1. Once you put a point 7 Å from the Cα of E219 and another 7 Å from the Cα of K276, both along the Cβ direction, what distance in nm separates them?
2. With runs of 4+ DSSP H residues as the only contributors, calculate the mean residue ellipticity of the chain at 222 nm using -39,500 (n - 2.57) per run, divided by the residue total and rounded to the nearest 500.
3. Can you give me the Rg/Rh ratio for region 99-169, using Cα atoms for both radii and the Kirkwood formula for Rh?
4. For region 129-283, what does the convex hull of the Cα positions come to per residue, in cubic angstrom?
5. Mind checking Rg over Rh on region 1-143, alpha carbons, Kirkwood formula for Rh?
6. Charges only on Cβ, +1 for Lys and Arg, -1 for Asp and Glu: so what's the dipole of region 153-217 about the Cα centre, in debye to the nearest 20?
7. Running Debye on region 242-283 with equal point scatterers at the Cα sites and no solvent, what base-10 log of I(q)/I(0) appears at q = 0.34 Å⁻¹?
8. How large is the dipole of region 1-153 about the Cα centre if only Lys and Arg carry +1 and Asp and Glu carry -1, each at its Cβ, rounded to the nearest 20 debye?
Amino acid sequence: MSHSWTVPASSALRARALGPIASFDPESTPGFDGDKDSGTELLAERGRALADLQELLYANGRSGDHRSVLLVLQGMDTAGKGGIVRHVGGLVDPQGLSIKGFGKPTPEELQHDFLWRIHKALPAAGRIGIFDRSHYEDVLPVRVHDLVPRSEWEKRYDIINQFESELVASGTTVIKCCLVVSKDEQKKRLAERLDRPDKYWKYNPGDIDERAHWDDYLEAYQAIFDLTDHDAAPWYVIPANRKWFSRLAVCELLIDALSGLELDWPKADFDVESEKKRLAAAD
């Protein structure tokens, strides 16, 4: 492989290291010195490493290990969250994967606190969970559109920090990724959806209305980085104009997280030699 990461993705993409989101370049490839072809090739290679690590996690979960991994995806519309789910989540065995999307709360969900629906969707032991949007919706559009009083959403940052601290303490590794697409690139992707009948289902007329609040969303994202980016549950900012790079970056972050668990294959809970003899003697 002629091109690779010159700086580990976990360092190159950490929110606190990248400066204000308002000046962030969604075309950039922080820490990676290759082009689309080399990045696509590397994704295939690293995808095999991710699959092996995910199998280790799943095997340990089946054997009583309580640990799991949660990947949180946030980003503007068209930033590629669904593509991450398909192209990165698709690299691993689906039986060890749980995926949950969070849209507008249902009437039932509104009867509970904002974390109620999140608790119900957390990954089981041995699984990788992917959230397409998450509990951060309650300090993003809620903040931008004043859906609840400021005095209420301001308290949620501390509540989220406490929730994530408890989640990590219970054995879940949390990786939070914000996919950042430029306003011009978003416009191109929305136009593509209108030009292609097979993309109509993805188009939401409300996406154009949301563009009027672009700067407000950037301010809201900056607030979550400033207030909820902690070593135990870090935020990573993923440039999303180049889809190949965003997928490679998230794959690399998952590999780093799983490698950090230092997993090994579970020991047999039976007498291996005895079972070999039984099998040899079987019809």
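Only the coordinates and a few stated rules stand behind these numbers; no lab work does. A quick note: this is a predicted structure, and the numbers were derived from the prediction, not measured. So basically every Cβ, Gly included, is an ideal-geometry build from the backbone, and we count neighbours across all protein chains shown.
1. About 6.9 nm separates the two model spin labels.
2. Working: 12 runs with 132 residues, N = 283.
Value at 222 nm, helices only, nearest 500: -14000 deg cm²/dmol.
3. Working: Rg = 12.6 Å, Rh = 13.1 Å.
Rg divided by Rh gives 0.96.
4. Working: hull volume 31.9 nm³, N = 155.
Measuring per residue, one finds 206 Å³ for the Cα hull of region 129-283.
5. Numbers: Rg = 17.3 Å, Rh = 17.4 Å.
Using only Cα positions, Rg/Rh for region 1-143 is 1.00.
6. Details: 12 positive and 14 negative charges, 63 e Å.
It works out to roughly 300 debye.
7. -1.04
8. On the way: 17 positive and 20 negative charges, 78 e Å.
Using Cβ point charges on Lys, Arg, Asp and Glu, region 1-153 gives about 380 debye.
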